[in-house]
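Nothing in this text is a laboratory measurement; each read-out follows from the coordinates by a stated rule. Computed from a predicted model, the values in this text were never measured in an experiment. Note: ideal-geometry Cβ built from the backbone for every residue, glycine included; neighbour counts use all protein chains shown.
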Amino acid sequence: MPAQVGQPAPPFKLDSTKDIKTLKDPVSLDEYKGKWLAIIFYPLDFTFVCPTELLAFSDRVEEFKNLGAEVLGVSTDSKFSHRAWIQTPRDQNGIQGLRYPLAADFNKTMARDYDVLDEGAGLALRGLFIIDPNGVLQYKVVHSLNIGRSVDETLRVLQALQTGGLCPAEWKPGQKTLVVG
C-alpha cells in the first residue's frame, strides 16, 4: 500500500552519501525516530532543476535542524552517481557542499512505496514528504518534474504541523491557530 498521510511511513534502508568516502553508511527511517524528517524525492542527478532545489534546501538546512528536523534527498540514481555529483563544483552543475545525505533508491523500492515512481521512465517524480517524530507521514506532495519546490513553503508546513493546531490558509509562523468551539 502506498504511503498515506496519517499512517506510519513506509520503512526504508538505502545506500547513502552519509560517509562520502566509503559510501558504506546506509540511511534508514529508524534513525530519524524522535525527529521530524523532510524527504525530497527528485528525478536524476546531473540535471537542471534538481540542483537548484537540493542546494536551496542545503543552504537552509540549519533552519530545519533548529525545528528538530532533518532533510534527506532520494533519487533512483546509484550512490556512486550521488558521490560524483556532490563532488562536482556548483558552477559545473554540481552540488558540492551539500549539507544532508542523498539516498540511492537504485532498486526503486522506496519510490514505489512512496508512490512517486514513474515506471516507464524508471525515475522518481518530485515528491515531498514530511514524517513526524513518531514515524507517521503527515504531509505529501507529488508534482511535475519541471517545477522546483519552495523551501519557504516546506518550512511553513513543517512549522504548521508542529503547532498541532488548525492552521488557516496563508498561516505563517507566529500567527494564531484557529480555535473551534
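Per-peptide packing, taken as the mean over residues of other Cβ atoms within 10 Å, places 34-45, 136-147 in the sequence 34-45, 136-147 from highest down.
What does the charge count around LEU117 come to, taking other residues whose C-beta lies under 11 Å from its C-beta (Lys +1, Arg +1, Asp -1, Glu -1)? Working shown, then result.
Numbers: positive: LYS108, ARG112; negative: ASP105, ASP113, ASP115, ASP118, GLU119.
In short, -3.
Stretch LYS13-LEU178 to full length: gain in nm at 0.36 nm per residue minus the Cα-Cα span?
On the way: separation 165, 0.36 × 165 = 59.40 nm, distance 3.84 nm.
The span from LYS13 to LEU178 would gain 55.6 nm if fully extended.
Of ALA124, ALA111, ALA84, the residue with the greatest mean-square motion in the GNM of the chain, using alpha carbon springs below 10 Å, is ALA84. For the pair the stretch 1-48 and the stretch 145-166, the centres of their Cα atoms are 18 angstrom apart. Listed by chain and number, the lysines placed with their C-alpha closer than 28 angstrom to that of LYS21 are LYS13, LYS33, LYS35, LYS65, LYS79, LYS108; residues fewer than eight positions away on the same chain are left out.
Working from the alpha-carbon coordinates of the stretch 46-93, get Rg over Rh, Rh being the Kirkwood radius. Present the calculation step by step, with values, prior to reporting the outcome.
On the way: Rg = 11.9 Å, Rh = 11.9 Å.
For the stretch 46-93, the value is 1.00.
Looking at the stretch 72-181, the GluC sites (Glu not before Pro) that sit in a DSSP loop and have at most 10 other Cβ atoms within 10 Å of their own Cβ are GLU119, GLU170.
Our estimate of slack between ASP59 and GLN92, defined as 0.36 nm per intervening residue step minus the Cα-Cα distance, is 10.1 nm. Stokes-Einstein, applied to the Kirkwood radius of the stretch 13-163 over Cα pairs at a viscosity of 1.567 mPa s and 4 °C, places its translational diffusion at 85 µm² s⁻¹. Once the Cα atoms are used to define both axes, helix 49-59 deviates from the longest principal axis of the chain by about 60 degrees.
Helix 151-163 and the longest principal axis of the C-alpha atoms of the chain enclose an angle of approximately 40°. Distance between the modelled labels on THR109 and ASP152, one decimal in nanometres: 4.0 nm (7 Å Cα→Cβ projection). If you take every residue apart from THR47 with its C-beta less than 12 Å away from the C-beta of THR47, what net charge results, scoring Lys and Arg +1 and Asp and Glu -1? Its environment carries a net charge of -2.
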